[in-house]
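Peer 1: Could you have a look at this structure, given as structure tokens, before my questions?
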Amino acid sequence: MIPLNLQILLIVIILGLLYFLVDNIRKYKLELKYALLWLIMVIVTLVLAIYPKLLYYISNNIFIETPVNALYLISFIIVFIILYNFTVLISKLTNQTKRLSQEIGLLKNEIKQRDEKNQNINESP
């Protein structure tokens, strides 16, 4: 079992992080759809800090010898999900940027052709 003062310290740190996330969402520095996974991670960590016996229960049920290893596994899975989510987002944004630059190039070419056509019409007697 973890000592009470360490448990209180963990809870205070997690609540501070939760406040920081919610404050950034409220100030529109962070969009909710991107912060949702972070919020879930903070809430899961808060629950595990409040109820440390839950970690013992989880580690026993998935046949992990120590609760710390179960915590590392849970943390790894959550971070992996967050990284995957951001990788998908970056791929979408890259494709959108490529498509938008191609559209800009086409529009610039179309404007150039119209300007040349208008210039030829104005020059002819």
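Derivation of every value follows stated rules applied to the coordinates shown; laboratory data play no part. Since we're looking at a predicted model, the values are computed, not measured. As a convention, Cβ positions derive from the backbone with ideal geometry for all residues, glycine included, and neighbour counts pool all protein chains shown.
Peer 1: Rounded to the nearest 20 Debye, what is the dipole magnitude of the chain about its Cα centre when Lys and Arg each give +1 and Asp and Glu each give -1 at the C-beta?
Peer 2: Values: 12 positive and 8 negative charges, 29 e Å.
Approximately 140 debye in magnitude.
Peer 1: HN-Hα J couplings of region 95-106 from phi, Karplus 6.51/-1.76/1.60, θ = phi - 60°, integer Hz, Gly and Pro as x?
Peer 2: In residue order, the calculated couplings are 5, 5, 4, 4, 5, 5, 5, 5, 5, 4, x, 5 Hz.
Peer 1: Then there is this: Compute the distance from the alpha-carbon center of region 9-64 to that of region 66-90, in whole Å.
Peer 2: Rounded to whole Å, the Cα centres lie 13 Å apart.
Peer 1: Would you mind calculating the relative contact order of the chain from Cα pairs under 8 angstrom and at least 6 residues apart, reporting the percent as a whole number? Walk me through the numbers on the way to the answer.
Peer 2: Values: 40 pairs, mean separation 22.9, N = 125.
With pairs under 8 Å counted, the relative contact order is 18 percent.
Peer 1: Seen from all sides and averaged, what is the projected area of the convex hull of the Cα atoms in the chain, in nm²?
Peer 2: Details: hull surface 45.5 nm².
Computed as one quarter of the Cα hull surface, the answer is 11.4 nm².
Peer 1: Let me ask another. Helix-derived [θ] at 222 nm for the chain: sum -39500 (n - 2.57) over DSSP H runs of at least 4, divide by residue count, nearest 500?
Peer 2: Values: 4 runs with 109 residues, N = 125.
Only helices count here, giving -31000 deg cm²/dmol.
Peer 1: Please give the residues of region 47-66, grouped as numeric ranges, whose backbone N is less than 15 Å from a label point set 7 Å along the Cα-to-Cβ vector of ILE2.
Peer 2: 47-59
Peer 1: Any lysines with Cα under 30 Å of the LYS29 Cα? List them, leaving off those in the same chain fewer than 8 positions away.
Peer 2: Straight-distance partners of LYS29: LYS92, LYS98.
Peer 1: Quick one: what do you get for region 79-125 if you divide its Cα Rg by 2.2 N^0.38 Å? Please list the in-between numbers first.
Peer 2: Numbers: Rg = 20.5 Å, N = 47, 2.2 N^0.38 = 9.5 Å.
Taking N as the residue count of region 79-125, the ratio is 2.15.
Peer 1: State which stretch of the chain is the longest one without any exposed GluC sites (Glu not before Pro), exposure meaning a DSSP loop state and at most 13 other Cβ atoms within 10 Å.
Peer 2: Details: sites that count: GLU31, GLU65.
The longest uninterrupted stretch comes out as 66-125.
Peer 1: Based on the alpha-carbon gyration tensor of region 1-68 and its eigenvalue square roots a ≥ b ≥ c, which shape applies: rounded if a/c is under 1.5, prolate if not and a/b is larger than b/c, or oblate? Walk me through the numbers before you get to the answer.
Peer 2: Details: a/c = 4.54, a/b = 1.83, b/c = 2.48.
It comes out oblate by the Cα gyration axes.
Peer 1: Working out 0.36 nm times the residue gap between TYR56 and LYS117, then minus their Cα-Cα distance, what length gain in nm do you get to one decimal?
Peer 2: Details: separation 61, 0.36 × 61 = 21.96 nm, distance 7.69 nm.
Full-extension gain reported as 14.3 nm.
Peer 1: Taking trypsin sites (Lys or Arg not before Pro) as candidate sites, keep only those in a DSSP loop with at most 16 other Cβ atoms within 10 Å, then name the longest stretch of the chain containing none of them. Numbers along the way, then the final one.
Peer 2: Values: sites that count: LYS27, LYS29.
In short, 30-125.
Peer 1: What FRET efficiency would be calculated for the residue pair THR94, ILE13, taking the C-beta separation as r and a Förster radius of 22 Å, to the nearest 0.05?
Peer 2: 0.05
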